[in-house]
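Reviewing the structure listed below.
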């Protein structure tokens, strides 16, 4: 059976690789993006996947977008909550806007995207909800009180919702990446990466987007029905739980 998968932040970085991997595994994928139209067009041309512009911090927009996806592709079986932003600042300088923007995109979006399709998953007795949290949601990070709090909230959401979905064939899990070789990380000066980041990682290298995508593919599979409420820490040994 071809499953329908939705990936938020699905046209760039880790999300793009997740979208491609799920498609390669036979899923019909809808990739959601926030505002980079040129990147979304390029992604659609490269992959042939359906892309949808959606502000995941807005509940009503999420509801209408998900309805359109169900009309175009079919009921959603797999949801990957990957969209996230940073608005870093030391807490004594952090503004209310910086706090709220991160909370709305990184945490409130889990409700906005999951709640509208939860009933359908329950009715069909199948669902996979996978939330991309972060190593900083596990250990915290100076200058990221907003981001770390939101990502820690992702894990609490997963553990709670997994208990509600278990009897209905729905699994809910989290993945916490460490430093991954995305555009954002690779934009850090090489000297900084080599002297301040890599020494923190016992395996001695950055992670690859494909490694996170493979974690998602594993959790999304029909055969992963006994794994729920779990957190996969994919960080090269930087932080062990």
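Throughout, read-outs are computed from the coordinates displayed, never taken from laboratory work. No experiment lies behind these values; they were computed from the predicted model shown. Quick reminder, even Gly has a Cβ in these numbers, built from the backbone with ideal geometry, and neighbours come from all protein chains shown.
Note on the chain: with a GNM built from Cα contacts shorter than 10 Å, the maximum mean-square fluctuation among 224, 213, 31 falls on 224. Computed over the chain with a Gaussian network model linking Cα atoms closer than 10 Å, the most mobile of 187, 89, 145 is 187.
The tail of the calculated P(r) for the range 1-124, taken as Cα-Cα distances beyond 21 Å, holds 39 percent of the pairs. For the chain, averaging the sequence separation of C-alpha pairs within contact (under 8 Å, six or more residues apart) and dividing by the residue count gives a relative contact order of 19 percent.
Rounded to the nearest 10 degrees, the inclination of helix 209-220 to the longest alpha-carbon principal axis of the chain is 40 degrees.
Summary of packing: across the peptides 108-114, 178-184, 38-44, the per-residue average of other C-beta atoms within 10 Å ranks them, highest first, as 108-114, 178-184, 38-44. Per-residue Cβ neighbour counts within 10 Å put 172, 158, 4, 188 in the sequence 188, 4, 158, 172, beginning with the fewest. The order of 223, 70, going from fewest to most other C-beta atoms within 10 Å of their C-beta, is 223, 70.
Relative to one another, the C-alpha centroids of the range 59-113 and the range 160-235 are positioned 18 Å apart. So for the range 76-180, averaging the separation of alpha carbon pairs under 8 Å that are six or more residues apart and normalising by length, what relative contact order in percent results? Relative contact order comes out at 34 percent.
What percent do you get for the relative contact order of the range 183-241 when only Cα pairs under 8 Å and 6+ apart count?
42 percent
For the chain, a Gaussian network of Cα nodes joined below 10 Å ranks 139, 93, 28 by mean-square fluctuation, and the top entry is 93. Quickly estimate the mean residue ellipticity at 222 nm for the chain, helices only: each DSSP H run with n ≥ 4 gives -39500 (n - 2.57), and the total goes over all residues, rounded to 500. Helix-only estimate at 222 nm: -13000 deg cm²/dmol.
Sorting the segments 96-106, 201-211 by their mean number of nearby beta carbons within 10 angstrom, highest to lowest, gives 96-106, 201-211. Does the range 92-203 come out rounded, prolate or oblate by the C-alpha gyration tensor, with a ≥ b ≥ c the root eigenvalues, rounded set by a/c under 1.5 and, if not, prolate when a/b is larger than b/c and oblate if not? Note, shape of the range 92-203 comes out prolate.
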